[in-house]
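K.L.:
First the structure, then my questions, so here it is.
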Amino acid sequence: MKKILLILICFAALRVNAQELFTADAFIQQVKLYHPVAKQSNIMVERAANALLSSRGDFDPALTLDASRKTFDGKNYYFYTNPELKIPTWIGLNVKAGLENNGGNYLNPEVTKGQSSYLGVEMPLAKGLVMDKRRAALQQAKIMINQSEQDRLNAMNDLLFEAYAAYWQWAGTYSLYSLYTKYLQASAERYRLVKIAYENGDRAAMDTLEALTQVQSFMMLQSDAKMKLNDAAIDLSNYLWQDNDSAYDLPSTFVPDTLQFAMEQQAPQLDQLIRTASDQNPALKSYSYKLDALAVERKLKFQSLLPVVNAKANLLNKGYNVFKGVDGAFLENNYKWGIDVKVPLFLREGRGDYKQAKLKIEETNYALSAKRWEVENKIRSYYNQFIQMQAQLKIMLSMFANYTSLLRQEDFKFQNGESSLFLVNSRENKLIETAQKLVELRIKYQKAYYATQWAGGLLR
């Protein structure tokens, strides 16, 4: 019996030294900074920024050089030297300027002999005037920047909800473990006093057995709670990362913020929550940006219905100064122009591409409507759960207070010899059962609150 008592006292005296409070805010901040999913979501935005940079490359000025020479059997057949600078513009107009130095015995008559210069433009007059592949790619890349940010927020929303759920599960299991430890200590002390009373002849031997079974019951509850606490700590460790991209286990000295765990959450009104989600939900905004990108594609595909009419004109001059001696008479005699025309007769490819682009927009609009309705219903569902759990918490808190009062009264009667240990244990077991349900309800309550935020895409 003494050995058993010693074991019980050891359980009752169990303490965690050098405890360090690990709040939910500190935990979530660490998740935001170091978790691989958070870093991966940032990469999505960087990739979109690099894609934008790449699309702008289509508008980079280009310097080219075309040079060739032919000599054969001691004869200078020809030589060409033509450096050219071409500058694309946002309006579809291409500006080009170049120098020429041509000569030889068998030079093409169309080529200007000697040194010359030119300044010219190339511009579409129908297809490609309003939109072309370069401008479409650039506009879509700009849209992709915004869309990738929404995708990042959506990924963070999912990550933070899972992290919050893990944290409150850990806080709840810790609260249960602390609860069982508290009552284990109380029951061990009661067993010690009952045993002393039995040895003095004031209590029956049955009372010591009754007290011992209560202690053993709390030992089992504490042991089970310890196992669940370890599992919750391991689950929480999935979200613990350092700045060197290495994971680490939750330190044994860390304890959750049980005060915040027991606090009442203040949720906004349902209508306000739905309105906020409609404006800020990243999944919905991502659809909107997708529609913007598809609108650009539709404009591009519409160009396929237009004929190809490309005009080009060059100002020519002798020497390397294209503006030397330029006047009205000069402009009438020193130029080169041309026009290219291509008219598809049936426009089947263009009509097909344009209709496909319109169908994509229609399809995405349907998907957006369905997604918006899905988000609203998710918010309503989790919000109703939250409100119901809020009401249940009030009832459960009142029950806990009542059972606590009953236990105190019963214990007082027992100490005065007016009650039995069996009744005390019964009151205590009912209180423990209520406390356990209260903690489990708080876990669901906290998860339901953050679920409403998650459903609205508002966890940032």
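K.L.:
Pick from the stretch 329-361 the residues that are of a type in the set (Asp, Glu) and in a helix (DSSP H, G or I): which of them is modelled with the lowest pLDDT?
P.N.:
The selected residue is Glu332.
K.L.:
What number goes with the only condition from (1) under 30 Å from Ser178 (Cβ atoms); (2) touching a residue at least 60 places away in the same chain (Cβ under 8 Å); (3) surrounded by fewer than 16 Cβ atoms within 10 Å (Cβ to Cβ) that Gln280 does not pass?
P.N.:
Failing condition for Gln280: (1).
K.L.:
I'd like the residue in the stretch 357-373 that is without any contact (Cβ under 8 Å) to a residue 60 or more places away in the chain and either hydroxyl-bearing (Ser, Thr, Tyr) or surrounded by 13 or more Cβ atoms within 10 Å (Cβ to Cβ) (or both) and, out of all such residues, is farthest from Ile274 (Cα to Cα).
P.N.:
Going residue by residue through the stretch 357-373, those that are without any contact (Cβ under 8 Å) to a residue 60 or more places away in the chain are 359, 362-363, 366, 369-370, 373.
Retained after the next criterion (residues that are either hydroxyl-bearing (Ser, Thr, Tyr) or surrounded by 13 or more Cβ atoms within 10 Å (Cβ to Cβ) (or both)): 366, 369.
Details: Tyr366: 20, Ser369: 14 Å.
Top of the filtered list is Tyr366.
K.L.:
Return the residue satisfying two criteria in turn: it lies in the stretch 101-137 and is out of contact with any Pro (no Cβ under 9 Å at 6 or more places or on another chain) and among the acidic types (Asp, Glu), and of such residues it is modelled with the highest pLDDT.
P.N.:
Glu122
K.L.:
Are any residues in the stretch 95-111 assigned to a loop (DSSP other than H, G, I, E, B) and surrounded by fewer than 16 Cβ atoms within 10 Å (Cβ to Cβ), and if so, which ones? Talk me through it step by step, then tell me what you get.
P.N.:
Our first condition is that a residue be assigned to a loop (DSSP other than H, G, I, E, B); within the stretch 95-111, this holds for 104-111.
Asn105, Tyr106, Asn108, Pro109, Glu110, Val111, listed by residue number.
K.L.:
Using the structure shown, decide if Asn402 is surrounded by 12 or more Cβ atoms within 10 Å (Cβ to Cβ) and at pLDDT 90 or above. Step through it out loud before you land on a result.
P.N.:
Details: surrounded by 12 or more Cβ atoms within 10 Å (Cβ to Cβ): yes; at pLDDT 90 or above: yes.
For Asn402, the condition - surrounded by 12 or more Cβ atoms within 10 Å (Cβ to Cβ) and at pLDDT 90 or above - is met.
K.L.:
Checking Asn230 against (1) of a type in the set (S, T, N, Q); (2) free of Cβ contacts under 8 Å to residues at least 24 places away in the same chain; (3) in a loop (DSSP other than H, G, I, E, B); (4) surrounded by 13 or more Cβ atoms within 10 Å (Cβ to Cβ), which test does it fail?
P.N.:
Asn230 satisfies every listed condition except (3).
K.L.:
One residue is enough: does the stretch 404-414 have a residue meeting the conditions under 37 Å from the mean Cα position of the chain (by Cα), of a type in the set (Lys, Arg) and part of a helix (DSSP H, G or I)?
P.N.:
Residues of the stretch 404-414 that are under 37 Å from the mean Cα position of the chain (by Cα), as a first pass: none.
No, the stretch 404-414 contains no residue that is under 37 Å from the mean Cα position of the chain (by Cα), of a type in the set (Lys, Arg) and part of a helix (DSSP H, G or I).
K.L.:
Another one. With the requirement that a residue be within 20 Å of Leu431 (Cα to Cα) and aromatic (Phe, Trp, Tyr), what does the stretch 376-403 give you?
P.N.:
Phe400, Tyr403 - these are the residues of the stretch 376-403 that are within 20 Å of Leu431 (Cα to Cα) and aromatic (Phe, Trp, Tyr).
K.L.:
Of all the residues that make up the stretch 309-328, how many are modelled with pLDDT under 75 and either closer than 13 Å to Asn101 by Cα or not assigned by TED's automatic domain parsing to the domain that holds Tyr118 (or both)?
P.N.:
So the count comes out to 0.
K.L.:
Same structure again: What number goes with the only condition from (1) surrounded by fewer than 18 Cβ atoms within 10 Å (Cβ to Cβ); (2) at negative phi that Asp245 does not pass?
P.N.:
(2)
K.L.:
Filter the stretch 187-208 down to residues that are assigned to a helix (DSSP H, G or I) and of a type in the set (D, E, K, R) and give me whichever is farthest from Asp224 (Cα to Cα).
P.N.:
Keep residues of the stretch 187-208 that are assigned to a helix (DSSP H, G or I), which gives 187-199, 205-208.
Then keep just the ones that are of a type in the set (D, E, K, R); that gives 189-190, 192, 195, 199, 207.
Working: Glu189: 21, Arg190: 22, Arg192: 24, Lys195: 27, Glu199: 33, Asp207: 26 Å.
Ranking the qualifying residues of the stretch 187-208, first place goes to Glu199.
K.L.:
Return the only residue of Val296, Val255, Val215 being in contact (Cβ under 8 Å) with a residue 24 or more places away in the chain and closer than 18 Å to Gly172 by Cβ. Please lay out each step first, then the result.
P.N.:
On the way: Val296 fails: closer than 18 Å to Gly172 by Cβ; Val215 fails: closer than 18 Å to Gly172 by Cβ.
Criteria check complete, one pass: Val255.
Rundown of residues vs (1) without any contact (Cβ under 8 Å) to a residue 60 or more places away in the chain; (2) of a type outside the set (A, V, I, L, M, F, W, C); (3) part of a helix (DSSP H, G or I), yes/no style:
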position	(1), (2), (3)
Ala136	no, no, yes
Tyr167	no, yes, yes
Tyr177	yes, yes, yes
Gln185	no, yes, yes
Glu210	no, yes, yes
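The values are calculated or read from the model by the stated rules, or taken from the named source; none is laboratory data. Computed from a predicted model, the values in this text were never measured in an experiment. Every residue, glycine as well, gets a Cβ built from its backbone with ideal geometry; the counts of neighbours run over all protein chains shown.
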